[in-house]
Structure formats: structure tokens, C-alpha cells
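Trainee: Here it is: the structure, laid out below.
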Amino acid sequence: MRIDKHKCAGCGQCTEYCTLGNISSCRRDKTSGWLYYEIDEDECVDCGVCLRAKICRTTALFMPKYEWPRTVRANFSDPLVEHPETKVPGRGTEEMKTNEVTGRIKRGYVGIACEMGRPAVGARFYDVQTVAMALAKLGVEFEPRNPCTGLMADAKTGRFKTEILNEKVLSTIIEMIVPLERAPEVLKVIRTVAGEVGCVFSVDLISRFNKDGSIPVTPILKSLDWTVSPNGKLNTGMGRPLFREA
Ligand code: SF4
Ligand code: SF4
């Protein structure tokens, strides 16, 4: 995203809408004395929130026509932009963002997701790669339909395409499914590698209930001294199971 300094009236209204607090540099043109705002384009994730807020009355805010690899930023940060490969907007697979209704995560397995970055912080792909490479050493298989996996040069090692490593996004999700008995070793690696990255991330564990109504990952998390925070989504009209349990 950019600001056309010749159109900017220096009102500062858009600064309140930036998801990363990134529109903050107020400048004065040396010749005319005109006050205008700037966007640090290297830090901007092209989420489009400032533009969609329609707050700029002088139409100074504009999204340039960016080329690859810069386009990765909007693909992951702007919910209205579809990934060209998956035709799904956003950060992970469709099920990650609604309900797991496809039967992909079977009993005895757990879906694990590392949600890298957050509003106000974001994430660069070199940090995403650090986490993915640590997990790949365990031999986990990254979800092939996830757009983050699609950016890996080698999904076996978790290595990403070199040209995107410095690209910054609001958030992206590393996804995998592992047998329940492998969850402790995966979680231990996640906890260790968390100290090696410069961005925040949260960990999601997705599983089917046991037949007695208990949650299979709860005892695993408790044994590792992780905080357990069960969460569920009831999406009316969106949560219809697309499969029938055998
Ligand atoms: S809202 Fe528009 S005019 Fe006001 S500071 Fe932002 S870009 Fe400039
Ligand atoms: S596109 Fe997003 S990150 Fe960039 S300046 Fe606008 S609100 Fe901030």
C-alpha cells in the first residue's frame, strides 16, 4: 500500500486503521511545507484494511499493482484476495477457518496448526521457515492443500522459496496431521523452536471427540504442562458434515 504524498492532506485519519500501526511517519515537504503521511512499504502487509475503511477523503491511499513475490503479502493478509493456486482466500485450508467437516482428521489423529503472526505483529517467511524446518525433521507431512505449504520449495525439509523469505504477512498457518501418539514429540519441538523466531504464533490442535465425550489431546497437553483452552465453533449453515462416520 502507498500514499500519494501530493494528494495526502496530512489529516492522520488512516493511521487508526492500520493493522500493524504502520502509517505513522508524518513528513513535511521541504519545498512546499506540505504535511503528508507515509507508509513503510517494507513493513506493510497489503492487508487493504486502511483502503477498505474508505477513510481517506482525498483518495491518497492506493494499492500499486505489485508483482511476485510481493503479491504473497495480500494473498495471506487480505481476506478478499484468493490464492491463485487454491482459489481459497486467507491463511490456511478452508476447514481451518470454518469447521473440519470433511472427515480429514480421523479418530486417533490430531490436526496441528501453527498460526504464525498476528495483527500488530505479522510474520516474515524466514520465521515461518524456521518452524517448518524444525517440524520437517520429525518427518511430518505438511497439508498439501494449505497455501503456506504451496510456497515451500521442498515440503520434505520445510524449506521455502528463497525469494519469499523476507516477505511479511499478517498471518499464515503451517498445518499437519499426525497420529495422537506422535503429538508429544511434535509439541516439544514447537515449544523449543518458539524461542528461535522473532514473531508470535499460536498452536491449534484439532481432534474428534472420543466416543465418551472426552477430548483426546487434553491429557497429552496436561502431561506436557501446556495450558488447555478448549474452543469450538458452531457455524450455522457452514458446519454441515460432508462425510458420514463409519
Ligand atoms: S487519510 Fe488520506 S489524507 Fe489523511 S493522512 Fe491518510 S492518506 Fe493522508
Ligand atoms: S495495507 Fe494494511 S498494513 Fe498496509 S498500511 Fe494499510 S492497513 Fe497498514
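Trainee: Does Val45 meet the test of being open to solvent by less than 30 Å² (accessible area, probe 1.4 Å) and more than 11 Å from ligand 2 (Cβ to nearest atom)?
Mentor: So Val45 does not fit the description; no.
A quick yes/no check of all residues on (1) within 16 Å of ligand 1 (Cβ to nearest atom); (2) within 25 Å of Val121 (Cβ to Cβ); (3) open to solvent by 70 Å² or more (accessible area, probe 1.4 Å):
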position	(1), (2), (3)
Arg2	yes, yes, yes
Glu16	yes, yes, yes
Gly21	yes, yes, no
Ile39	yes, yes, no
Ile55	yes, yes, no
Glu82	no, yes, yes
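Trainee: Show the residue pairs meeting these rules: Cβ distance below 6 Å; 6+ apart or different chains; first residue within segment 59-71 and within 18 Å of Asn166 (Cβ to Cβ); second residue assigned to a loop (DSSP other than H, G, I, E, B).
Mentor: Correct list of pairs: Pro69/Glu167.
Trainee: Quick check on Val49: is it within 16 Å of ligand 1 (Cβ to nearest atom) and within 30 Å of Ala113 (Cα to Cα)?
Mentor: Spelling it out, Val49 is indeed within 16 Å of ligand 1 (Cβ to nearest atom) and within 30 Å of Ala113 (Cα to Cα).
The values are calculated or read from the model by the stated rules, or taken from the named source; none is laboratory data. Quantities reported herein were computed from a predicted structural model and do not represent experimental measurements. All Cβ positions, glycine included, derive from the backbone under ideal geometry; neighbour counts span all protein chains shown. These accessible areas exclude ligands, DNA and RNA; they are computed on the full protein's heavy atoms, side chains included. Shrake-Rupley method; radii C 1.70, N 1.55, O 1.52, S 1.80 Å.
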